[in-house]
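Just so it is clear, none of the values below were taken in a lab; they were calculated from the coordinates. Computed from a predicted structure; not experimentally measured. For neighbour counting, all protein chains shown are included, and Cβ atoms are generated from backbone atoms with ideal geometry for every residue, glycine included.
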Amino acid sequence: MRVGVLTGGGDCPGLNAVIRAIVRKGTKHYGDDILGFRDGWRGVMDNDFDTLDINGLRGTLPRGGTVIGTSRINPYMYPDGVDKVRSCIDANNLDCIIAIGGEGTLSCSAELFKAGLPILGVPKTIDNDIGITERTFGFDTAVTIATEAIDRLHSTAESHNRVMVVEVMGRHVGHIATWAGLAGGATFTLIPEEPFDIDDVCASLSRRHEKGRYASIVVVAEGAKPKEGTFEVPADSYDEYGHIVLGGIANKVASEIETRTGFETRVTILGHVQRGGTPTALDRVLSSWYGVAAIDAAHDEAWGQMVALVADRVVRVPIADAVRELKFVNPQLWETAQEFFA
Ligand code: F6P
C-alpha cells in the first residue's frame, strides 16, 4: 500500500511515536510505502512530502513535537482545497491518508471522507477533549508537567504566605486543570464546564487563611469563565484560523483575589511548556498503540474511521461520531476534585 501521514493542529508529545509506529508496522509487516506530508494539510495541498522509513525515524520515540511539522491550515479554507487533496492522492497513487490531529483536523477529515476520500484518523491533543476515546495522547504529559509545576509552586507559596494562581491549557474543557489540580493538591480548580463565583472562591480562601493556612494554589483552565454578572473578563479574540485565543484569565482572577482578600497573589501561566518536550511513558505507549492500530485499519480499508481507546482496548469508531461533541470532564471525577477544595 501507499499511505500518506500528516500531523495537524497544535503539536503534542507523542506525535513522533505515532508516526514511528505507523512506519514500523507499515514497512516491516506490510511492505508499505509511507509518505509524510509536511505541515499538515498544507503539505497535501502543495504535494510537499518526505518518504518515511525506519532508519530515518530512529531516536524519535522520546522526542517531542513532530518531525513532519504541523499547521492549522485545512483544505476547506480554500475554494480548490478539496480538489488539491484529491489530486495529491491520485498523483502519488495513495491508498489513503492517516490524519493525526485534534478537533479541527479530525472534523476536516470527516468532511473529506464524506466527499469520498480515503481518510483515517488518530486522535491527538493535550486537552483530551475528543469524543468517544477515553484518552488522547499528550494529555498525560501535559498533566505531569502541570502537576510538577504546582508541586514547585507550593513551597514558594508557603514561604511567602501567598496565593498562587496557575493557568493551564484547556480552551473548552478542564481535563488538564481537574487532573493536575487534584494531583497537585490545589486549593481550588476553575474549569470551563463550571462557571465560577469569585465571591465564593475569595470567601473560602479567607476562611482557610483564618484557620492558619496562609498559602493557597488556585488552578485555572485558560477557558474558565466567571458566572454571568460576577465580574468582567476581556473579550475573546480569534486567530487567523478562527480559533479562540485564550490565555490571561489567571491575571484577572489573581487581581480579583488580591483586591477582595488582601492576600498577596502571584500568577504563573504554563502555556506551551505543557505541549513541549518528551512524552511520558504512558503517552509513548498509547501513541505506539494508536499508530499500529491505524496502519492495520488502513489495510482493512476502514476509511472514515478513527482509532480510539474504549474500555482498555483500541477500537475503530467513525470520525464523524468522535467529533460530534467535545468530551467534558467526568462529573464523578469533578465531584471528587471538589472534595479537596479550600
Ligand atoms: O488544542 C490544544 C491547545 O494546546 C489548546 O489547549 C490551546 O488553547 C491551544 O492549543 C493553543 O494553540 P496555539 O499553539 O495555536 O497557541
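Listed from fewest to most Cβ neighbours within 10 Å, the set Glu222, Glu301, Glu339, Glu258 follows the order Glu339, Glu301, Glu258, Glu222.
As a rough footprinting exposure proxy, the listed residues Asp321, Asp127, Asp11 were ranked by other beta carbons within 10 Å of their own, and the order from fewest upward is Asp321, Asp11, Asp127.
Charged neighbours of Ile249, selected by a Cβ distance under 10 Å, balance to 0 (K, R count +1; D, E count -1).
Taking all Cα pairs closer than 8 Å and separated by 6 or more residues, the relative contact order of the stretch 141-276 comes to 35 percent. The C-alpha atoms of the stretch 206-342 occupy a region whose extents along the principal axes are 63, 37, 30 Å, arranged from largest to smallest. The spacing between the stretch 140-206 and the stretch 5-65, judged by their C-alpha centroids, is 35 Å. Only lysine pairs 8 or more places apart, or on different chains, with alpha-carbon atoms under 27 angstrom apart are counted in the chain, and they number 14. Applying the Kirkwood pairwise sum to the alpha-carbon positions of the stretch 141-276 produces a hydrodynamic radius of 14.9 angstrom.
Among Lys225, Lys114, the ranking by other beta carbons within 10 Å of each residue's beta carbon, starting with the fewest, stands as Lys114, Lys225. Computed from the C-beta positions of Leu333 and Val233 and an R0 of 22 Å, the FRET efficiency is 0.30 to the nearest 0.05. Computed per residue of the chain from DSSP H runs no shorter than four, each worth -39500 (n - 2.57), the mean residue ellipticity at 222 nm is -11500 deg cm²/dmol. Across the stretch 18-123, Cα-Cα distances exceeding 20 Å account for 37% of all pairs. Legend: translational diffusion of the chain by Stokes-Einstein, Rh = Kirkwood radius over C-alpha pairs, 25 °C, 0.890 mPa s; D = 117 µm²/s.
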